[in-house]
Amino acid sequence: MLLFLNTIETTLPLTNPVLKFLVILLIILFAPILLNRVKIPHLLGLIIAGAIIGPFGFNLITRDSSIILSGTAGLLYIMFLAGLEIDMADFKKNAGKSTLLGLLGFVIPMVLGTAAGLYLLGYSFFTSVLMASMFSSHTLITYPIVSKLGIAKNQAVNITVGSTLITNVLALLVLAVVVGLTSGDIAQNFALKLSVSFIIFSSIIMLGFPPLARWFFKRYDDNVSQYVFVLVLVFLGAVLSELAGIEGIIGAFMAGLALNRLIPRTSPLMNRIDFVGNAIFIPFFLLSVGMLIDFRAFFTDFETVIVAVTMSVIATVGKYIPAWIIQKSFRYSVDQRRLIFGLSNAQAAATLAAVLVGYNVILGETADGEPIRLLSESILNGTIIMILVTCTIASFETQRGAESIARAENTDIEEEDREPNERILIPVSNPETVDELIHLSTMLRSKKNKTGLFALKILNHNSSEPGAEKQAKKILEKATITASSTDIHLTGLLRYDLNIVNGITSVIKEHRITDLVLGLHVKKGISESFLGNLTEGILAKSNINTLVYKPAQPISTVKRHFIVMPENAEKEVGFPFWLLKIWNISRNSGAKLLFYGTENTLGFVRDIHSKHPVEAEFSVFDDWDDFLILSRDIKIDDNLIVVLSRKNQLSYHTSMSNVPKYLNKYFQKNSFILVFPMQVNEGQIKRTGLNYPSLLEPIEKLDEIGKTIASLFKRK
């Protein structure tokens, strides 16, 4: 036993890599568990833990190159996630608000900080300006809190994340100018060179990354390869940013924006990105920040105390004022103001970059030979204390505001319905199409629906084919694994029946299915006989929402969705049910929607769009005999969604029977979805006693968009 103990190095700081990693993992594991009990944000706990185990605490672990590397990766990861999860439609719509918040968040701390440096602390002009620039930037340290609570698409979060780009670029520009002027290294045409390099690097990321990623995702579906590819783009963006003379966090953020529409919120890849970041990279960054904190500075140098208190007050007030102005100007709630303040108050990345650069700029020497630095050691120590203070305040404010908003939006997991109002059935038979059918279904579902997916495999009970049941179970297992990779519970159903139609319709009744997703093989077209059998079989025996999907490419790589709607579609009871599914596709993927229909139908859709904006366009289309006119606009990476109708319904048109022929001949390289809306006739209503308002209750309970659609439909 003694021999075993002697094989591990136990001197401090720890040098054994296995033991160091074990200590860090134990902290990452237990910090959230313990701190959640006392209502302390776990992000703050990790920073404090870093201070305790770091070189200025018990010196268990040094802040060596491995910690710095992991911490830097975690910081880039936070910025990347912020860009990746932002609602692009809302981001564009609120660009003005983001710009205003960014300018206020930069100018107000700059003015207050410069005045405090000159008149309270007695520093020189350049020292005061550089110190003030550290208050002007902010780091989205508390972003994981809002992401975890599912409110990353809230408008307050959106404009604050957007303002990060402005405040950090301006703060880093001040850093470059001040250091250049004080050291005499600033070049001619500095502003022009920086502007040109910024335009070049941002163009490479925003214009080059999306087609490169789309090409990669279409050709390689290996989970590990896709994840590593995303990491490569994140760090490549950071490197390009640094080559342009700007901090790497800007490049990581822009890489997130570039990949925003290619990594849907419901995709397995997004789930992996979130998991690895929150489990490893981000905790390492928080620990590395904590290791910088030296509590002894409070007791050894009174000047450091004065500087730290001044910096902390100015940094906090300087970020609270813009948050208050934005709240009053745009009538945001108090909780939204807390979110804006909490997300923008934390200082770390650009602040650390500025103070370390300023500390290393030597302006001269004292009579004793001591170096005169642009930023003194008191400012360096005061900055570290300020980082701790601002991160503490930001953590509590963000958590308080985020939890209140999450409760109001009913996004908490505890409040989800145990019995989902939305139940999606996916019959599976071909292993090659299973993944894409599941990916589409996870996009169609509402955000609260975590258990309402069912995969069905039907076997003929008269068949004696050996191994059929084993093969069927493998297909269902594949569907379950694909769904679980997005944190969705899928129920696999194996059924013996006389034929497929009887099996599907029986399961629809038994499990109260609301939506049916059928798949076509990518190499096969849709025949008129298939459509006829579908109409006479499943559609005749069930009235639920039915979607027929042929995936020509991964749905995450689709640029635009063309939705073709028949005349009078808005007058049928199934209209709100399928429209909500289309809206979910856009919300979950960020892809653009292009609606084609009559003026009356488009008017209804525009009403919903005004209350729940997504990126969309509207075009009049009222002649189904001229269906091929759409082929002029549809490109290779577009998806066609055609809303059809059962016979004898208001929206039925005889030319709908030609749709399979058109799809096979003119849209072979495109994915498409055929939608057969739910139908309820007057006879069914009389027999069951139902009325239209009661039929709309399920979608009203799904989310805010469902409520809006149902409300408009009832009125019209």
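The values are calculated or read from the model by the stated rules, or taken from the named source; none is laboratory data. Remember, predicted model here, so these are calculated numbers, not experimental data. When we count neighbours, we look across all protein chains shown, and the Cβ atoms used for this are built from the backbone with ideal geometry, even at glycine. We work out accessible area using only protein heavy atoms, side chains counted, and drop any ligands, DNA or RNA first. Shrake-Rupley method; radii C 1.70, N 1.55, O 1.52, S 1.80 Å.
Look at (1) open to solvent by less than 30 Å² (accessible area, probe 1.4 Å); (2) farther than 13 Å from ILE166 by Cβ; (3) not hydroxyl-bearing (Ser, Thr, Tyr) and you find that LEU149 fails only one, number (1). In the set ILE314, ILE325, ILE306, ILE340, only one residue is in a helix (DSSP H, G or I), out of contact with any strand residue (DSSP E or B) (no Cβ under 9 Å at 6 or more places or on another chain) and open to solvent by 60 Å² or more (accessible area, probe 1.4 Å); that residue is ILE306. Here SER404 fulfils each of the conditions (1) surrounded by fewer than 19 Cβ atoms within 10 Å (Cβ to Cβ); (2) modelled with pLDDT under 85; (3) touching a Ser or Thr at 6+ places or on another chain (Cβ under 9 Å) apart from (2). Residue count for the range 480-505, restricted to those that are closer than 13 Å to SER429 by Cβ, open to solvent by 40 Å² or more (accessible area, probe 1.4 Å) and at pLDDT 85 or above: 2. Among the residues of the range 635-669, just one is within 20 Å of LEU539 (Cα to Cα), open to solvent by 60 Å² or more (accessible area, probe 1.4 Å) and of a type in the set (A, V, I, L, M), namely LEU650. Please verify whether the range 450-472 includes one or more residues that are acidic (Asp, Glu), modelled with pLDDT under 90, farther than 30 Å from PHE667 by Cβ and open to solvent by less than 30 Å² (accessible area, probe 1.4 Å). No, the range 450-472 contains no residue that is acidic (Asp, Glu), modelled with pLDDT under 90, farther than 30 Å from PHE667 by Cβ and open to solvent by less than 30 Å² (accessible area, probe 1.4 Å).
Only a single criterion out of (1) modelled with pLDDT of 80 or more; (2) in a loop (DSSP other than H, G, I, E, B); (3) open to solvent by 40 Å² or more (accessible area, probe 1.4 Å) is not satisfied by PRO264, namely (3). If LEU44 satisfies all but one of (1) part of a helix (DSSP H, G or I); (2) under 26 Å from THR390 (Cα atoms); (3) out of contact with any Gly (no Cβ under 8 Å at 6 or more places or on another chain); (4) open to solvent by 30 Å² or more (accessible area, probe 1.4 Å), what's the number of the condition it fails? Result: LEU44 passes all but (4).
For the range 548-564, state whether one or more residues are within 37 Å of the chain's Cα centre (by Cα), closer than 17 Å to ARG423 by Cβ and either modelled with pLDDT of 85 or more or aliphatic (A, V, I, L, M) (or both). Break it down into steps so the answer makes sense when it comes.
Restricting attention to the range 548-564, the residues satisfying the condition of being within 37 Å of the chain's Cα centre (by Cα) are 548-564.
Next, from what is left, pick out any that are closer than 17 Å to ARG423 by Cβ: none.
Checked the range 548-564: no residue is within 37 Å of the chain's Cα centre (by Cα), closer than 17 Å to ARG423 by Cβ and either modelled with pLDDT of 85 or more or aliphatic (A, V, I, L, M) (or both).
Candidates in the range 238-255 are the residues that are over 18 Å from GLY71 (Cβ atoms) and open to solvent by less than 30 Å² (accessible area, probe 1.4 Å); of these, the one that is modelled with the highest pLDDT is ALA255.
Is it the case, given these coordinates, that LEU630 is surrounded by 13 or more Cβ atoms within 10 Å (Cβ to Cβ) and either modelled with pLDDT of 90 or more or more than 30 Å from PRO210 (Cα to Cα) (or both)? Step through it out loud before you land on a result.
Values: surrounded by 13 or more Cβ atoms within 10 Å (Cβ to Cβ): yes; either modelled with pLDDT of 90 or more or more than 30 Å from PRO210 (Cα to Cα) (or both): no.
Criteria not met by LEU630.
Conditions (1) of a type in the set (Asp, Glu); (2) touching a Pro at 6+ places or on another chain (Cβ under 9 Å); (3) assigned to a loop (DSSP other than H, G, I, E, B), marked per residue:
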{"residue": "VAL18", "(1), (2), (3)": "no, no, no"}
{"residue": "PRO55", "(1), (2), (3)": "no, yes, yes"}
{"residue": "THR62", "(1), (2), (3)": "no, yes, yes"}
{"residue": "LEU69", "(1), (2), (3)": "no, no, no"}
{"residue": "ALA73", "(1), (2), (3)": "no, no, no"}
{"residue": "LEU84", "(1), (2), (3)": "no, no, no"}
{"residue": "ASP90", "(1), (2), (3)": "yes, yes, no"}
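Of all the residues in the range 115-135, those that are closer than 14 Å to VAL317 by Cβ and either touching a strand residue (DSSP E or B) at 6+ places or on another chain (Cβ under 7 Å) or surrounded by 15 or more Cβ atoms within 10 Å (Cβ to Cβ) (or both) number 3.
Just one of the listed residues (ILE204, ILE282, ILE249, ILE293) is touching a residue at least 12 places away in the same chain (Cβ under 8 Å) and outside any helix (DSSP H, G or I), namely ILE293. If you go through the range 277-303 and pick out every residue that is modelled with pLDDT of 85 or more and either hydroxyl-bearing (Ser, Thr, Tyr) or open to solvent by 40 Å² or more (accessible area, probe 1.4 Å) (or both), you end up with 2. Considering every residue within the range 76-90, establish whether at least one is over 24 Å from ILE250 (Cβ atoms) and crowded, with 21+ Cβ neighbours inside 10 Å. Checked against the condition, which is being over 24 Å from ILE250 (Cβ atoms) and crowded, with 21+ Cβ neighbours inside 10 Å, the range 76-90 yields no hits at all. Residue count for the range 540-565 satisfying the condition of being more than 21 Å from THR514 (Cβ to Cβ), open to solvent by less than 10 Å² (accessible area, probe 1.4 Å) and touching a helix residue (DSSP H, G or I) at 6+ places or on another chain (Cβ under 6 Å): 1.
Listed conditions (1) in a helix (DSSP H, G or I); (2) open to solvent by 80 Å² or more (accessible area, probe 1.4 Å); (3) more than 24 Å from PRO551 (Cα to Cα) are all met by GLU477, apart from (3).
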